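Undergrad: There's a structure below that I have some questions on.
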Amino acid sequence: MENAPGFGRADVECEALLLLGDIDQRQGRAAEAHRRFAEAQRLAAQTGNAFLRSKVAFVFSALIADFDAQHDRAIDTLRVGIATAEEIDDAPLVAEGHLRLAAILSIHGDLAAAETELRRCLELARDLGSHRVEAEATSWLGMITYHRGDPEEGERLCRQARQWFERTGDTYFQVQNLVRGLALFALADDRPDEAEAWLREAVPVALQIGGWVVVEAYRYLVEALVAQERLDDASELVAFAARNLPEEDAYARSSLLMAEAIVATATGEAATATTAFTEALRLVEELDMPLELADARMALGLSLRAFGDLTGARAELERARTMFVRIGATTRRDAIDRELEELMEGPAPAGPSTV
């Protein structure tokens, strides 16, 4: 790919830059991804190739959403890219655009709009007979369905997607389906041994991908180990995850901090847990990721409860609940309601101030 400029083909060079930039982005090299995508954008405009202009819009939107928290700009850029793909009647490209748009809308906290985009993507995938795109969209739809109040159907969809991924070999989405889907569902349902099994399946592939993907997988594996009271294993895993941390990736850093906070809570290290939660919350808030922020606040509330600060725990759980209600994450809201009901049954002694 590095030899593409030598061919004198701007279109070939543009596609090579897009592929390399996509790898940079996934592995946390944001500055290099920005550089490659800017050059790809210039070349796409130079060639006048509508397909390339659409592809540039797609990959660039993911970069500015994930690393720069420019979600509105990313959404607008994606819609332009989809419109360009529709103009040239490129159905696979249109389907990809709807899938990418759903992902950014989900991160931005608009779960209902994300579901609409996913269902449109599935319609196109079925018309095309594309099992790869159908698997990707089904996986995302499973996660959205889970959060929007139908956990059984959400898990069914993610299990179906897993079967398809085994045939298509789409490793990037396969890992997300295992980690953000099946493992997360199992953890929330107090099935840590099952969650561990899903995560052990995901980790080898995540290691090949690198970047935030592997750090996030380790974060949830740490949570599964702590839930099984395997604290030494969890501590070792946190240290190992730190060695895989991409320097430019704030989300990966927040995932590592959450893992550190979970272990510190389990081992009774209140100061360490507070420091880790404080920094993780700051990073996720700056990235403007409402669902992840609400999850982090919920984890902080449970941590405070473990340390005996029931007043602080209630405050954090209420804040998380408000966020879940705002974005329509009904399943997580119901989980918080159960936690709050348990807290209301006991006294509320004063404790240290919350983060």
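Values in this text are rule-based calculations from the coordinates and carry no lab data. Just so we're clear, the structure is a prediction, and the values are computed from it rather than from any experiment. Cβ atoms come from the backbone with ideal geometry, glycine included; neighbour counts cover every protein chain shown.
Undergrad: For the chain, what does -39500 (n - 2.57) per DSSP helix run (n ≥ 4), summed and divided by total residues, give at 222 nm, in deg cm²/dmol to the nearest 500?
TA: Counting only the DSSP helices, I get -26000 deg cm²/dmol.
Undergrad: Using the C-alpha gyration tensor of the chain, what are the square roots of 5 times its eigenvalues, in whole angstrom, with the largest one first? Present the calculation step by step, with values, prior to reporting the outcome.
TA: Values: eigenvalues 275, 92, 71 Å².
Working from the Cα gyration tensor, I get semi-axes of 37, 21, 19 Å.
Undergrad: Helix 270-286 sits at what angle to the longest principal axis of the chain, using alpha carbons and giving 0 to 90 degrees rounded to 10?
TA: The helix 270-286 is inclined about 30 degrees to the chain.
Undergrad: Sort largest first and round to whole Å: the equivalent ellipsoid semi-axes of the stretch 1-114, each the square root of five times a Cα gyration tensor eigenvalue.
TA: For the stretch 1-114, the ellipsoid semi-axes come out as 24, 17, 10 Å.
Undergrad: Can you list the equivalent-ellipsoid semi-axes of the stretch 135-240, largest first and in whole Å, using the square root of 5 times each Cα gyration tensor eigenvalue?
TA: Ellipsoid half-lengths, sorted descending, are 22, 17, 10 Å.
Undergrad: Another question, if that's okay. Counting alpha carbon pairs within less than 8 Å and at least 6 residues apart, what relative contact order, in whole percent, applies to the chain?
TA: Answer for the chain is 12 percent.
Undergrad: So if I take the centroid of the Cα atoms in the stretch 304-320 and the same for the stretch 49-88, what is the distance between those two points in Å?
TA: First find each Cα centre; the distance between them is then 40 Å.
Undergrad: Compute the helix-to-body angle for 250-266: its Cα long axis versus the longest principal axis of the chain, expressed 0 to 90° and rounded to tens.
TA: Value to nearest ten degrees: 20.
Undergrad: So what's the angle, to the nearest 10 degrees on a 0 to 90 scale, between helix 151-168 and the longest Cα principal axis of the chain?
TA: Once rounded, the angle reads 40 degrees.
Undergrad: If you don't mind, there's one more thing I want to ask. Can you tell me the order of 248-254, 19-25 when each peptide is scored by its average per-residue count of other Cβ atoms within 10 angstrom, highest first? Each step should come with its number before you reach the end.
TA: Values: 248-254: 22.1, 19-25: 20.1.
Ranked by mean Cβ neighbours within 10 Å, highest first: 248-254, 19-25.
Undergrad: If packing is taken as the mean number of other Cβ atoms within 10 Å per residue, what is the order of 78-91, 180-193, 291-304, highest first?
TA: 291-304, 180-193, 78-91
Undergrad: Now a separate question. How many nm separate the modelled label positions at Ala83 and Arg126, each set 7 Å beyond the Cα in the direction of the Cβ?
TA: 2.9 nm
Undergrad: Moving on. Taking R0 as 30 Å, what's the FRET efficiency between Asp90 and Asp150 from their Cβ-Cβ distance, rounded to 0.05?
TA: 0.35
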